[in-house]
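Chemist: First the structure, which I've put down as structure tokens, then a few questions once you've had a look.
The values are calculated or read from the model by the stated rules, or taken from the named source; none is laboratory data. Keep in mind that this is a model prediction, so the values were computed, not measured. Virtual Cβ from ideal backbone geometry, glycine too; neighbours counted across all protein chains shown.
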Amino acid sequence: MTTAYVGLGSNLADPSVQLQEAVEALVRLPSSRIQTVSSIYKSRAIGPGAQPDYLNAVVALETLLAPLPLLDALQEIERAQGRIRIERWAARTMDLDILLYGQQWIDTPRLQVPHPAMAKRNFVLYPLAQIAGPQLVLPNGRLLGTLLEKCARGDLVQTQGQLHHNTHSD
């Protein structure tokens, strides 16, 4: 089993419900099991035009799925939740990103891991550190805590919201 960290984000169609539905869909993934889920964090939208704030979380997922099949499964969850890919960084019902996949470096046209923008996104780093700890060693040998030190928390707010999951195994 490989531990993959998956970022979740939503700013449309009741984002807290969207996040919970995504966690429930992740529970149902074959050959996979959720280890832990971060709290929900609220952040300002990055992208075109005026958009509602985002709710974000990070899930630690143990999986036997290879990276591209995992990506396919995540994109299917996005589609099932109404994600339409028209404009980059546009508002969305669900965004699922593979942040880390074990200690692997992946650089293909479809998938880059570690996620290329991860180091600059407080809404990724803070929930990731909450569940993995700042001592998490990244594929480049650096500690997650080092990235945290260089990424201001800014307007990121840890909410009281929690996502619930029941473990599932094949």
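Chemist: With Gly7, Gly82 as the choices, which residue is within 15 Å of the chain's Cα centre (by Cα) and within 21 Å of Arg110 (Cα to Cα)? Walk me through it before giving the result.
Modeler: Details: Gly82 fails: within 15 Å of the chain's Cα centre (by Cα).
Criteria check complete, one pass: Gly7.
Chemist: Look through segment 110-161, keep the residues that are assigned to a helix (DSSP H, G or I) and among the β-branched types (Val, Ile, Thr), and return whichever of them is farthest from the chain's Cα centre (by Cα). Explain how you work it out, then say what you get.
Modeler: The initial filter retains those residues of segment 110-161 that are assigned to a helix (DSSP H, G or I), namely 118-120, 122-132, 144-149.
Those still in the list that are among the β-branched types (Val, Ile, Thr) too: 124, 131, 146.
Details: Val124: 7, Ile131: 12, Thr146: 19 Å.
Restricting to residues being assigned to a helix (DSSP H, G or I) and among the β-branched types (Val, Ile, Thr), the top hit is Thr146.
Chemist: Cβ contacts < 9 Å: first residue farther than 21 Å from Val113 by Cβ, restricted to segment 71-82; second residue in a helix (DSSP H, G or I) and of a type outside the set (Phe, Trp, Tyr), any location; separation 6+ or different chain. Result?
Modeler: Partner pairs satisfying both residue conditions: Ala80/Glu21; Ala80/Ala25; Gln81/Gln18; Gln81/Glu21; Gln81/Ala22; Gln81/Ala25; Gly82/Gln18.
Chemist: In segment 27-54, which residues are at positive phi and at pLDDT 95 or above? Steps first, answer last, please.
Modeler: Within segment 27-54, the subset at positive phi is 31, 47, 49.
Ser31 - this is the single residue of segment 27-54 that is at positive phi and at pLDDT 95 or above.
Chemist: Another one. Asn166 versus (1) exposed (fewer than 13 other Cβ atoms within 10 Å of the Cβ); (2) touching a helix residue (DSSP H, G or I) at 6+ places or on another chain (Cβ under 7 Å); (3) modelled with pLDDT of 90 or more: which is the lone unmet condition?
Modeler: Evaluating Asn166 over (1) exposed (fewer than 13 other Cβ atoms within 10 Å of the Cβ); (2) touching a helix residue (DSSP H, G or I) at 6+ places or on another chain (Cβ under 7 Å); (3) modelled with pLDDT of 90 or more leaves (3) as the failure.
Chemist: So, one more: Which pairs have Cβ atoms under 9 Å, sit 6 or more apart or on different chains, and link a residue in segment 9-24 that is over 20 Å from Ile46 (Cβ atoms) and of a type in the set (A, V, I, L, M, F, W, C) to one that is in a loop (DSSP other than H, G, I, E, B) and at pLDDT below 95?
Modeler: Partner pairs satisfying both residue conditions: Val23/Leu163; Val23/His164; Val23/His165.
Chemist: Looking at segment 55-69, can you tell me whether even one residue there is modelled with pLDDT under 95 and exposed (fewer than 15 other Cβ atoms within 10 Å of the Cβ)?
Modeler: First pass over segment 55-69, keeping only residues modelled with pLDDT under 95: none.
So far as segment 55-69 goes, no, none of its residues is modelled with pLDDT under 95 and exposed (fewer than 15 other Cβ atoms within 10 Å of the Cβ).
Chemist: Right, Pro15: of a type outside the set (A, V, I, L, M, F, W, C) and more than 15 Å from Asp95 (Cβ to Cβ) or not? Steps first, answer last, please.
Modeler: Values: of a type outside the set (A, V, I, L, M, F, W, C): yes; more than 15 Å from Asp95 (Cβ to Cβ): no.
Against the criterion (of a type outside the set (A, V, I, L, M, F, W, C) and more than 15 Å from Asp95 (Cβ to Cβ)), Pro15 does not qualify.
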